[in-house]
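Take a look at the structure set out below.
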Amino acid sequence: MSPLAAVLPTEAANPWLSWDYVTSNSEELVAAGQEHLVLTVSSVLLAMIFAFPLALLVRRYRKLEAPVLGLSGVLYTIPSLALISLLWPIFGLTPWTVIIALAVYALLVVLRNTVVGLDSVSENVVDAARGMGMGKRQLLAKVELPLAVPTILAGIRIATVSTVGMVTIGALVGYGGFGTLILSGFQNNFYHAQILTATLCCVLLAVMFEVLLQIVERITAPWARKQIV
Amino acid sequence: MAAAVVALAGCSSSGDDAGGDAGGEEVVIATTNFSETKILASMYQQVLEANGVNASVKELTTREVIIPALQTGEVQATPEYLGSLTEFLNKEANGADAEQVATEDAAATYDEAVRLAEPEDLTLLEPSAAQDQNSFAVTGEFATANNLTTLSDLGTYSQESAITLGGPPECPKRTFCQLGLEEIYNVQVDSFLPLDAGGPLTIQALQQGKVDTGLVFSSSGSVSANDLVVLEDDQGLQPAENILPALYTPAVTDTISEALDSVSQALTTDELQQLNAAVEIDRQSVDQVAEDFLTEKGLLSQ
Amino acid sequence: MSVWEWFTDPANWTGENGIPVRTWEQLEISFFAMAIALVISLPVALTLGHLRKGVFLATNVGNIGRAVPTLGVLTILASIPEIGIGNLAAILALALFAIPPVLTNTFTGIASVDDEVRDAANGMGMGGFAILSKVEVPLAMPLIAAGIRTATVQVVATASLAALVGGGGLGRYVVDGFALQDNTLIVAGAILTALLAMAAELLLSFLQRRVTPKGLRQAGQAEVEAQEIPAAPAPA
């Protein structure tokens, strides 16, 4: 039972929680969940494809750091509502409209964590590696990247979990996963069970990602359980 | 990722699915997220499937999103409303200030709509007798207290105390909405609150007294369920809003037209209201409601 | 109409749908949302952080809180007759949305104050409240301020969603633009919201520097950026 249920007023005809709704609409819920999953994963992957080269570029040409991080910070202040509305005339009713918009938001988190992670490798370690005769590329591949993995993974996890919540807004252009159910439940004379079930499913999906990615972090970098999450 | 996205896109683009049958290209039926159009879209889908045409439903939001997608063939069919669609096409073709061409006369409006739709790659099938007009509603309490039954009454009442009006954001610029109320009924509008087209926002705003009058759809189940009174359009402000299927012309086949025509012919305004109530009040599933109706009318058997 | 023409048209600067009114509404919604979020999350986080209890709660509220779809919360609140449509639903939904970053950062900031420092303060005869207010809070200030800054910027950007449930604010332009098929209006709304969010960012990062104790300032900036819970990009 959600703690919410205790607080919210329920009416006989339109309860907030209804197992009946879940069983009779299971197909719809599963389909929405699959769409939600694909949209989330695609957006974060797309963000990563751009974030990693950008992070390397920024580290190579330090002058670019402020403008690149600044620009991704600006993109981040554009309301998702507006971004999706602006992208749909370009990409039409394809999932790309939503994926690109969400990737824009995920980009900042992944990019910033990658840069911070690479930068935080201590000078001593870098010096030692140089002393061993490592070139720049070797240094990156063998020392900096492995040491930065926990921070980078944390960035990916945070971006993923946030994206799960944001996918819902894609309902405006027909690709919103559980968001489509939320919005149509609202339109359908406040279909409480549908709105709340879809919202809870969304949170559940995020919890799954959170746990899964934390496990990945633990496996890939068992030495680095920091106090800060 | 690319594969996943392509798979997802595959739901909406014409199907090159492995399971593609002799029915050929998949017909994607777009719908708004309003129950009524969802029911209609589900009927279209089921009746097409029954006639061997591969069909699916894509839930979108508004006409502004759906019609452009229909014109480019991103989707192939959608349930539409005669008057509103005619004016939408009219504005597209002749600019936002174009003179209104949709009227109370359904036949004349249909001719006009077909003329506007043809060059846009849109095919409009014969309108159904069933209608769902834009209407203006007040709460039962407000109607009784001020003795209102018609829009003319509202015009008279508003001379004393100008009303607050709620409707979709485009309402102040639309003849069917605020402009028509002001011109035809001389309604004095004190302020306009942008809400939605007959959706939950408008209904709540009415109940909470945030607006005196709101735009609703006459056959919506939530109008009666929420104790709202529709004011009679005694001077004929609203055009005919018969339901008709709009199709992407290159996708039209005889089988498709005949199947969809059979739905239009079977449907009446009364039945439409009952179907809406079944979904919006009794919380039956859209597909089930659509299927029951089609079965009762014998449209699912070959 | 081009976006430039829209911005220079005097008609868009007056009346209830004018830029000043809509901007003010956006600020109002954001202000009340933040006020509620702070009133709820600060006392909880300060207490838990001081007692070093509830790590699980504080971090998981932060992590999972990001995933609660604001759209869902907004429609749920708007469906409750006592709250209804309009700005109130938006304020409450945004407050809920602002709690995680403030809660997590504040808790982490307080809880990670060195034990030796606390022992020293204790040795000087300070009580629990004095340690919290005179030692822990000043030392945790960079993180607390960063959390508030992140939350505020997100709230300002996300307040646009109020328009989806019949509220005001700059989202009005975006939602109306969507309904009217008017891209100029959508772009204008996006620009105004982004500008407002950036202004909030600048103002708060200035304030953040001001409230950071002098001794922490030097190391301050880089350190905070590095260990800050990276901003949840959730303008949804």
*Inspect segment A:38-52 for any residue being under 23 Å from the mean Cα position of the chain (by Cα), more than 30 Å from B:ALA30 (Cβ to Cβ) and free of Cβ contacts under 8 Å to residues at least 40 places away in the same chain and give the result as yes or no.*
yes
*Tell me which residues, restricted to segment A:125-157, are surrounded by 12 or more Cβ atoms within 10 Å (Cβ to Cβ), more than 29 Å from the chain's Cα centre (by Cα) and hydrophobic (A, V, I, L, M, F, W, C).*
A:VAL125, A:VAL126, A:ALA128, A:ALA129, A:MET134, A:LEU139
*Odd one out for B:GLY209 among (1) buried (at least 23 other Cβ atoms within 10 Å of the Cβ); (2) at positive phi*: (1)
*Run down A:SER26, A:SER122, A:SER85 and say which single residue is of a type in the set (S, T, N, Q) and surrounded by 21 or more Cβ atoms within 10 Å (Cβ to Cβ).*
A:SER85
*How many residues, within segment B:193-248, are touching a residue at least 60 places away in the same chain (Cβ under 8 Å), charged (D, E, K, R) and either within 14 Å of chain A (Cβ to nearest Cβ) or closer than 13 Å to B:ASN134 by Cα (or both)?*
4
_Within segment C:111-149, considering residues that are crowded, with 23+ Cβ neighbours inside 10 Å and of a type in the set (Val, Ile, Thr), the one nearest to A:GLN187 (Cα to Cα)_ = C:ILE148
*Looking at this structure, is A:LEU111 at pLDDT below 90, more than 19 Å from C:LEU71 (Cβ to Cβ), assigned to a helix (DSSP H, G or I) and among the hydrophobic types (A, V, I, L, M, F, W, C)?*
no
*Take the residues of segment A:45-77 that are hydrophobic (A, V, I, L, M, F, W, C) and within 11 Å of chain C (Cβ to nearest Cβ): which is farthest from C:LEU202 (Cα to Cα)?*
A:ALA47
_If I ask for residues that are modelled with pLDDT of 90 or more, within 15 Å of the chain's Cα centre (by Cα) and β-branched (Val, Ile, Thr), which ones from segment C:133-152 would you list?_
C:ILE144, C:ILE148, C:THR152
*Filter segment B:154-173 down to the residues that are in contact (Cβ under 8 Å) with a residue 24 or more places away in the chain, under 27 Å from the mean Cα position of the chain (by Cα) and not in a strand (DSSP E or B), then identify the one that is farthest from B:LEU228 (Cα to Cα).*
B:LYS173
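Can you confirm whether segment C:85-107 contains a residue that is surrounded by fewer than 18 Cβ atoms within 10 Å (Cβ to Cβ) and within 12 Å of another protein chain (Cβ to nearest Cβ)? First the steps, then the outcome.
Our first condition is that a residue be surrounded by fewer than 18 Cβ atoms within 10 Å (Cβ to Cβ); within segment C:85-107, this holds for none.
No - not one qualifying residue is present in segment C:85-107.
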_Matching residues in segment C:84-116 - criterion: being in contact with a Phe, Trp or Tyr (Cβ under 6 Å, 6 or more places away or on another chain) and not in a helix (DSSP H, G or I)_ = none
*Please state which of the following conditions C:ASP119 fails to meet, knowing it meets all the rest: (1) part of a loop (DSSP other than H, G, I, E, B); (2) farther than 26 Å from C:ARG210 by Cα.*
(1)
_Test: residue in segment A:206-213 that is of a type in the set (Asp, Glu), assigned to a helix (DSSP H, G or I), surrounded by fewer than 24 Cβ atoms within 10 Å (Cβ to Cβ) and facing chain C (nearest Cβ under 10 Å)_ = yes
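The values are calculated or read from the model by the stated rules, or taken from the named source; none is laboratory data. Everything quoted here is computed from the prediction, not taken from an experiment. Ideal geometry is used to build each Cβ from the backbone, glycine not excepted, and the neighbour counts take in all protein chains shown.
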